[in-house]
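Presented below is the structure to which this report refers.
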């Protein structure tokens, strides 16, 4: 595929506030971020840091309290087929067969049935799921459903792909395999991706660039480039560069995770709970 | 696989990252080097199609057919018991608070059925009742389903319609009979109206419920795949609510028959309800029972038809979680 010149996401001075008065909660605070055409960017941070909220705004499901999100030269106000979305929950339509699910976006775009059929079968073949085209989603495993979710989002040739912890519901082994499948798919499509996750290894393995968010109110704490070469392979995760990046990100996120656990831990510290400060002590909290 | 190799520092930092709001997320106890190494062997095959899931195996089939055989036996037994009670009660003219004195025997009813079955009058009665049911039920679907979809989707439409619905719903269809006779120009129209009222509320309320219980992520998925609002209704909300709509149709069909028979008994000309009531007036006891049985069979046929259509329209439900007992 040729390099895409479009597919640039711009989030500018964005804040999101939920509720009002005493119940006011600042979920996202003055965030700037961008995804360049063809770039794979991850957004990582502790639970409740507003990363999924940010993605919802770029997807067009929510409007920010202030600031703007742009796709190329158009401000984002509502959902659209030029932004493909992959959700954490399984979101295939249970009443449609696998192939009809993949065809759905094309049907909405008014593509003729015969052409839809060809595109859907090509994509299913790419994902290794052509044998299941007439199955219903409830007949498939979680990993298969998410693979179909990804190619369904790609079927309409969107300019960007937005992924909200797409592998969050999968078991560890399936998850690792899915990451490799995704990096291979991305290698073929070279589409801009904004990927939300809380998994450090996942974000490094997949991304060109990683934004680390702070605990609520979510701000951008750091922006880290991943200099690993493409295409990515599982062996790379053992290289010193990879391990070094993991260590760096763990350090950044650990502070935020502790902060996210509430003011108790912040003020009293871990010793306040009768534990030694140290790796073992943190483990005991759970 | 990880149990023995987890070391504490990694466990700590992994756990610190696990989202609290996500019970589904498996705790990922892995060290970066080893977790990715382990499943690597399976990667080559993972993108290939896995063998299709086992569809139906022999032992399962055999068990299902044994279950079916047993339930067939039980079905025959329960119907036989019903006839036995009826037969013995009428044969010995039992009077034990309940009086079987005037109740016709099964044989008398059977003879009546043979006699009547051929008569055009009886067939006309059946045709009239079925036609009224179909008309009232069809109108209830045509109004109830679209209205239910819109009420379920839009809060303001709901706020507008629900007060009226809540006031009218508790009024039984039978209580509409006098008003209906006043409202509608013909007897026929008023009976169809009463049948409609019976079917309408179960269909409406189940449709609303179906829209509400639709997973929001499916609507979001539809929207970001480019579905406009009308298409969202047609391709996402309607099929998503369809299982609940069919529950409403099944319940609505039952209530429609109750309402129809009552209406026919009070104000009808022709119809199975009218037939049954007329038999009582003419002291034709076997005909009463024949009428009752006819109503039962017609009701059964109608709900069976709805179940059949439901199965044909919603093949995916056979695979839905929890569908296999």
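The values are calculated or read from the model by the stated rules, or taken from the named source; none is laboratory data. All of these numbers come straight from a predicted model, not from anything done at the bench. All Cβ positions, even for glycine, are placed from backbone atoms using ideal geometry, and neighbour counts span all protein chains on display.
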- Query: Which members of segment A:26-54 meet the condition of being under 22 Å from residue A:5 (Cα atoms) and surrounded by 21 or more Cβ atoms within 10 Å (Cβ to Cβ)?
  - Reply: A:35, A:40, A:41, A:42
- Message: So residue B:146 ticks every box in (1) within 29 Å of residue A:101 (Cβ to Cβ); (2) touching a helix residue (DSSP H, G or I) at 6+ places or on another chain (Cβ under 8 Å); (3) more than 14 Å from every other protein chain (Cβ to nearest Cβ) but one. Which box is left unticked?
- Response: (2)
- Query: Just one of B:139, B:171, B:151 is within 30 Å of residue B:189 (Cβ to Cβ) and outside any helix (DSSP H, G or I); which is it?
  - Reply: B:171
- Odd one out for residue B:281 among (1) more than 10 Å from chain A (Cβ to nearest Cβ); (2) touching a helix residue (DSSP H, G or I) at 6+ places or on another chain (Cβ under 7 Å); (3) loosely packed, with under 14 Cβ neighbours inside 10 Å: (2)
- Query: Do the conditions hold for residue B:168, that is, is it touching a helix residue (DSSP H, G or I) at 6+ places or on another chain (Cβ under 9 Å) and either farther than 25 Å from residue B:299 by Cβ or free of Cβ contacts under 8 Å to residues at least 60 places away in the same chain (or both)?
  - Reply: yes
- helices (runs of 4 or more DSSP H) within segment A:111-205 that include 3 or more residues touching a strand residue (DSSP E or B) at 6+ places or on another chain (Cβ under 6 Å): A:142-154
- Query: Just for segment A:1-15: of the residues that are in a strand (DSSP E or B) and under 18 Å from residue A:83 (Cβ atoms), which one is nearest to the chain's Cα centre (by Cα)?
  - Reply: A:9
- Per-region count, segment A:59-110, residues closer than 14 Å to residue A:162 by Cα and part of a strand (DSSP E or B): 7
- Item | First in segment B:205-230 and under 18 Å from residue B:155 (Cβ atoms), second anywhere and in a loop (DSSP other than H, G, I, E, B), Cβ under 7 Å, 6 or more apart | B:220/A:61; B:223/A:79
- Looking only at segment A:1-25, which residues are surrounded by fewer than 20 Cβ atoms within 10 Å (Cβ to Cβ), under 30 Å from residue A:189 (Cβ atoms) and touching a strand residue (DSSP E or B) at 6+ places or on another chain (Cβ under 8 Å)? A:4, A:8, A:10, A:12
- Query: Given the structure, is residue B:290 over 20 Å from residue B:172 (Cα atoms) and in the same structural domain as residue B:210 (by TED's automatic domain parsing)?
  - Reply: yes
- Only one of (1) farther than 16 Å from residue B:144 by Cα; (2) at pLDDT 95 or above does not apply to residue B:276, and that is (2)
- Note on the structure: Within segment B:214-235, residues within 7 Å of chain A (Cβ to nearest Cβ) and part of a helix (DSSP H, G or I) come out as B:217, B:218, B:220, B:221, B:223, B:224, B:231
- For residues that are under 24 Å from residue A:108 (Cβ atoms), away from chain B (no Cβ under 12 Å) and in contact (Cβ under 8 Å) with a residue 12 or more places away in the chain, tally how many sit in segment A:30-88. 7
- Message: Against the definition (modelled with pLDDT under 90 and over 21 Å from residue A:78 (Cα atoms)), how does residue A:50 come out, yes or no?
- Response: no
- Message: Checking the condition under 19 Å from the mean Cα position of the chain (by Cα) and more than 23 Å from residue A:166 (Cβ to Cβ), which residue from A:209, A:219, A:247 passes?
- Response: A:219
- Task: Might you check whether a residue that is at pLDDT below 90, in a helix (DSSP H, G or I) and within 10 Å of chain B (Cβ to nearest Cβ) occurs anywhere in segment A:261-279?
- Result: yes
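Table: residues versus (1) closer than 19 Å to residue A:53 by Cα; (2) more than 12 Å from chain B (Cβ to nearest Cβ); (3) in contact with a helix residue (DSSP H, G or I) (Cβ under 6 Å, 6 or more places away or on another chain); (4) surrounded by fewer than 24 Cβ atoms within 10 Å (Cβ to Cβ).
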site	(1), (2), (3), (4)
A:159	no, yes, no, yes
A:167	yes, no, yes, no
A:172	no, no, no, yes
A:177	no, no, yes, yes
A:182	no, no, no, no
A:190	no, yes, no, yes
A:193	yes, yes, no, no
A:197	yes, no, yes, no
- Note on the structure: Looking across segment B:178-213 at residues that are away from every other protein chain (no Cβ under 14 Å) and not in a helix (DSSP H, G or I), the single one that is surrounded by the fewest Cβ atoms within 10 Å (Cβ to Cβ) is B:185
- So which residues in segment A:120-135 are farther than 25 Å from residue A:173 by Cβ and buried (at least 17 other Cβ atoms within 10 Å of the Cβ)? A:120, A:133
